[in-house]
Amino acid sequence: MMTAAQRSAGESPEIVTVGEALMQLTPPAGKRLTSAQMVHLHTAGAEVNVAIALAQLGHRVAFISRLGDDPFGERILQELIQAGVDVSMISREMSRPTGVYFKDHGGTRTGMYYYREGSAATMIGPQDVAPALAGPKLIHATGITAALGHDCAALLDQLVHAAPGSGSSVSFDVNYRSALWSREQAGPVLLRLARCSQIVFVGCDEAAVLWGTKNADDIRELMPQVSRLVVKDSAAPAHSFTSGATVIVPALPVRVVEAVGAGDAFAAGYLSAVLRGMDERIALRWAHLLAATTVLTVADHAAPPTHEMLVAAAHLDDEAWARGDLLDRS
């Protein structure tokens, strides 16, 4: 598998992600914000997590956003470059800050405290995504961006309508965040964007909140025209609906340290397989594998599986996969 250092800087990206990059501040494991004397800094954000994971897997990936002209923005920029992500479509804002958020890991659940209102990324709009509409196989976005402001929502509308005409497929992760907008506001917008996309990721839990669905089949009935509909259900099996078949693959059994970022890793694993022309069963296995590696850390993204593990995931028999034999090799 080609590493970031081996990729040619002159090559155009295979996939572009667009959204908000945030600086995440997290106390050491076992500490709470009320008592911690230090925090660890990580680059975060749903679309950033996908971009970094895909770059680590050897793909040519670019990220579109706006960052503040501040130390956090500079740190994010440098970490993306180090990960092998093309940052040429990121701009800096003098008058707006980079968004930040804090994690407060309490053992049974993780509290999330966001400080992103008025951030530089809330200024991204249709003009920012225009340069990406010429060349990449895939453009990935999430419903989080639609909640950040009028211009951000307009960006997604332009993206889902213009990208197919330019030869790019749109990958859309519903990613409903109740802290950003109500289900009454979000439901119709996210359903419209999903129906206009070629690849859609959605969780059973968020679909139930947004649209009142009960299972994966209900969600498929809502968007029958989507070429690849992937329905996640936490530790339960994931479903992939395509025009020709329905594929169901169980998740790997794993002891979860923290689930934040798992959905982004899942999307990255699936998209990596799609970019490599793998079938749906392998795509779902790679998705589950990347999610499993992410939930073992308190960071939003983790070191990706090795090439050998990805190959093994493709060839393991169903019983060995369901038992989690693959994780015993790590």
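The values are calculated or read from the model by the stated rules, or taken from the named source; none is laboratory data. From a predicted model like this one, the values you see are computed outputs, not experimental measurements. Note: ideal-geometry Cβ built from the backbone for every residue, glycine included; neighbour counts use all protein chains shown. Keep in mind that these areas ignore ligands, DNA and RNA; they rest on the heavy atoms of the full protein, side chains included. Shrake-Rupley method; radii C 1.70, N 1.55, O 1.52, S 1.80 Å.
Residues of the stretch 103-112 include none that is part of a strand (DSSP E or B), surrounded by 21 or more Cβ atoms within 10 Å (Cβ to Cβ) and modelled with pLDDT of 90 or more.
Mind listing whichever residues of the stretch 196-213 are farther than 19 Å from residue 155 by Cα, touching a residue at least 12 places away in the same chain (Cβ under 8 Å), open to solvent by 30 Å² or more (accessible area, probe 1.4 Å) and not charged (D, E, K, R)? Answer for the stretch 196-213, where residues must be farther than 19 Å from residue 155 by Cα, touching a residue at least 12 places away in the same chain (Cβ under 8 Å), open to solvent by 30 Å² or more (accessible area, probe 1.4 Å) and not charged (D, E, K, R): 209, 211. Among the residues of the stretch 243-275, those identified as open to solvent by 20 Å² or more (accessible area, probe 1.4 Å) and either of a type in the set (Asp, Glu) or modelled with pLDDT of 95 or more (or both) are 246, 247, 248, 274, 275. Looking at 126, 131, 136, just one residue is open to solvent by 30 Å² or more (accessible area, probe 1.4 Å), modelled with pLDDT under 95 and touching a strand residue (DSSP E or B) at 6+ places or on another chain (Cβ under 9 Å), and that residue is 131.
Of all residues in the stretch 153-189, which are in a helix (DSSP H, G or I) and either over 26 Å from residue 54 (Cα atoms) or in contact with a Gly (Cβ under 7 Å, 6 or more places away or on another chain) (or both)? Residues satisfying the conditions are 154, 155, 183, 184, 185, 186, 187, 188, 189. Of all residue pairs spaced 6 or more apart or on separate chains, those with beta-carbon atoms under 7 Å, a first member in the stretch 64-83 that is farther than 11 Å from residue 100 by Cβ and a second member that is among the acidic types (Asp, Glu) and open to solvent by less than 10 Å² (accessible area, probe 1.4 Å) are 65/20.
Quick one: is residue 323 farther than 14 Å from residue 263 by Cβ and modelled with pLDDT under 85? Talk me through it step by step, then tell me what you get.
Working: farther than 14 Å from residue 263 by Cβ: yes; modelled with pLDDT under 85: yes.
Against the criterion (farther than 14 Å from residue 263 by Cβ and modelled with pLDDT under 85), residue 323 qualifies.
The set of residues in the stretch 34-45 being under 26 Å from the mean Cα position of the chain (by Cα) and either farther than 30 Å from residue 87 by Cβ or not in a strand (DSSP E or B) (or both) consists of 39, 45. Put simply, of 90, 76, 64 the only residue that is open to solvent by less than 50 Å² (accessible area, probe 1.4 Å), in contact with a Lys or Arg (Cβ under 8 Å, 6 or more places away or on another chain), at pLDDT 95 or above and aliphatic (A, V, I, L, M) is 90. Within the stretch 264-289, residues that are without any contact (Cβ under 8 Å) to a residue 40 or more places away in the chain and within 18 Å of residue 241 (Cβ to Cβ) have Cβ atoms under 8 Å from residues that are of a type in the set (S, T, N, Q) and open to solvent by 20 Å² or more (accessible area, probe 1.4 Å) in no pair, counting only partners at least 6 apart in sequence or on another chain.
The one condition from (1) modelled with pLDDT of 95 or more; (2) out of contact with any helix residue (DSSP H, G or I) (no Cβ under 6 Å at 6 or more places or on another chain); (3) at negative phi that residue 240 does not meet is (2).
For residue 156, which of the numbered conditions (1) open to solvent by 10 Å² or more (accessible area, probe 1.4 Å); (2) under 30 Å from residue 237 (Cα atoms) fails to hold? The number of the failed condition is (1).
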